[in-house]
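> Quick one: structure below, then a few questions.
The values are calculated or read from the model by the stated rules, or taken from the named source; none is laboratory data. Note that this is a predicted model, so its numbers are computed, not measured. Quick reminder, even Gly has a Cβ in these numbers, built from the backbone with ideal geometry, and neighbours come from all protein chains shown. When the accessible area is computed, the model is the full protein with side chains, heavy atoms only, and any ligands, DNA or RNA have been set aside. Shrake-Rupley method; radii C 1.70, N 1.55, O 1.52, S 1.80 Å.
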Amino acid sequence: MISRILRTSWWCSRVIVCGSFVALAACGKKGPPLAPIVRIPSAVAMIQAQRVGSDAFVTLTIPNVNIDRSVPVDIVRIEVYGYTGRRPPSPARWVEFGELVASIPVIPPPPQGAAPVEPTPVDPTKGALPGTMVTVLDKLGGQKLLQGKVEETPPRGSRTPTPVAAAAAPGPDVLRRFYTAVAFSARGRPGPPSPNADFPLIETPEPPTFVSAPYTETKVALEWPPSGGILGFLFNNSALPPEEPPLNELFEPVVQPPAAGTEVATPTGPVKYNVYRELEPDPFAPPNVMGRLPWTETPPMPINPAPLDAMTLSDSVEFNRELCYIVRAVRGTPPNVIEGDSSMPNCFTPVDVFPPAAPARLVAVADEGGISLIWEPNAEPDVAGYLVLRGEATDATLQPLTPTPVAEARFRDTHVSAGKKYVYAVVAVDSRLPFGNISVESNRVEETAR
């Protein structure tokens, strides 16, 4: 029995050893090579296009992940393409039919697992950062307002390409300006194109011919004529009654279907207005040494929160800095809004020529050694102080008693002679430089010194 058990153990050990060699041989066997990991930036998820007169502002967000959601993103630039037509090119042929509008350099993030380095300021002239929002400008004009090259496909069984009929799009059959953006990796591999952003290329409302801007010490009163003049105002804001349809033999209305592909000149709705203000740079602000970068454009923002029905607007005034105002006519309702070109700018530098109000309720009280004056302080925020005027009872013109303005609404005159009658008045002085505006005199008071 013992010998049988030993023989069995010996055979088991040989099987285990042989199995180990077989397993080791299998582990060392070489398989097919694995493909290298290719990083491609994801598509631009957010892209918008806004037309303001002859300018188109394209805003987008730079991707911060790869197409497989891995990080850091492999990206070095973004190319923005534009196309004019009734429908956009297919995603695979955008680069072929569109035109390059802008190329935005992107500063790639450091590799994952890289040793931490001392944080340094990013040089904006080198490019934009992943995850940030950028805006580029596309100047509309010339061929950009005409139909672009139409995509063609050969019919089945033929090698001769034929134009593809434009797909029936909802709404009026008008030309549109389309935009898309494509991100590129460091090896030049493009990511998928972004969704399309577009706006209609339709006739814009005429701008007002001028903008008047008289100002006071507190506000600028803007006013402009209607878009297109008086006739434009009548056509833009007065809807004509609809014509009655013709009748058939049974005296029933004849309903005619709308013509296919009818072009619409302008969006519906009355003309409204946006007002824009450009202020001279602050002379005390640090200079912009970076300059203007092509991917840091800013769409103009009107000073009115919503388009105006009226042709007037009040704005606050700031003295001694040049102001420029322009007005644009707007028509339509979101998202189909069209904004026309700007009016002629009205540029001027407001100058503070408005003196403060005269101080009120001046009172004089004599006591031993002097005469005390008190009055109500002015309410204007730019009042720098008050000048006290004095004269004798027979003087028609009073002379300044204080060489510089006094800050408080009170003063004590100690340079008096007992038994002599004096006449006093006060004027307010504002903070305009180099010389302040002076108000008219307050009420005059007389008092005899003790």
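> Working carefully through the options Ala366, Ala329, Ala358, find the one that is over 29 Å from Leu279 (Cα atoms) and not in a loop (DSSP other than H, G, I, E, B). Walk me through it before giving the result.
Details: Ala329 fails: over 29 Å from Leu279 (Cα atoms); Ala358 fails: not in a loop (DSSP other than H, G, I, E, B).
Residue meeting the stated conditions: Ala366.
> Just for segment 53-69: of the residues that are in contact with a Lys or Arg (Cβ under 7 Å, 6 or more places away or on another chain) and touching a residue at least 40 places away in the same chain (Cβ under 8 Å), which one is surrounded by the fewest Cβ atoms within 10 Å (Cβ to Cβ)?
Per the criteria, the residue is Ser54.
> Looking at Thr298, Thr312, which one is more than 30 Å from Arg410 (Cβ to Cβ), surrounded by fewer than 15 Cβ atoms within 10 Å (Cβ to Cβ) and at pLDDT below 95?
From the options Thr298, Thr312, the qualifying one is Thr298.
> Can you confirm whether segment 355-377 contains a residue that is within 32 Å of the chain's Cα centre (by Cα) and open to solvent by 30 Å² or more (accessible area, probe 1.4 Å)?
No; the residues of segment 355-377 include none that is within 32 Å of the chain's Cα centre (by Cα) and open to solvent by 30 Å² or more (accessible area, probe 1.4 Å).
> Of everything in segment 421-449 that's aromatic (Phe, Trp, Tyr) and either in contact with a Lys or Arg (Cβ under 9 Å, 6 or more places away or on another chain) or part of a strand (DSSP E or B) (or both), which residue is nearest to Phe354 (Cα to Cα)?
Step one: list which residues in segment 421-449 are aromatic (Phe, Trp, Tyr), which gives 422, 424, 435.
Now narrow it down to the ones that are either in contact with a Lys or Arg (Cβ under 9 Å, 6 or more places away or on another chain) or part of a strand (DSSP E or B) (or both): 422, 424.
Numbers: Tyr422: 30, Tyr424: 24 Å.
In this case the residue turns out to be Tyr424.
> Sticking with this structure for a sec: Considering (1) open to solvent by 40 Å² or more (accessible area, probe 1.4 Å); (2) under 30 Å from Phe319 (Cβ atoms); (3) assigned to a loop (DSSP other than H, G, I, E, B), say which one Ala418 fails and leave the rest.
Here Ala418 meets the rest and fails (2).
> Residue pairs, Cβ under 8 Å, 6 or more apart or interchain, first in segment 194-217 and without any contact (Cβ under 8 Å) to a residue 24 or more places away in the chain and open to solvent by 30 Å² or more (accessible area, probe 1.4 Å), second among the aliphatic types (A, V, I, L, M) and not in a loop (DSSP other than H, G, I, E, B). List them.
Short answer, once both residue conditions are applied: Pro214/Val220; Pro214/Ala221.
> State which residue is farthest from Val427 (Cα to Cα) when the search covers only segment 337-374 and only residues that are of a type outside the set (Ser, Thr, Tyr) and touching a Gly at 6+ places or on another chain (Cβ under 8 Å).
Here the residue is Ile338.
> In the list Ala407, Ala396, Ala425, which residue meets the criterion of being more than 30 Å from Ser212 (Cα to Cα) and touching a Gly at 6+ places or on another chain (Cβ under 7 Å)?
When all the criteria are applied, what remains is Ala407.
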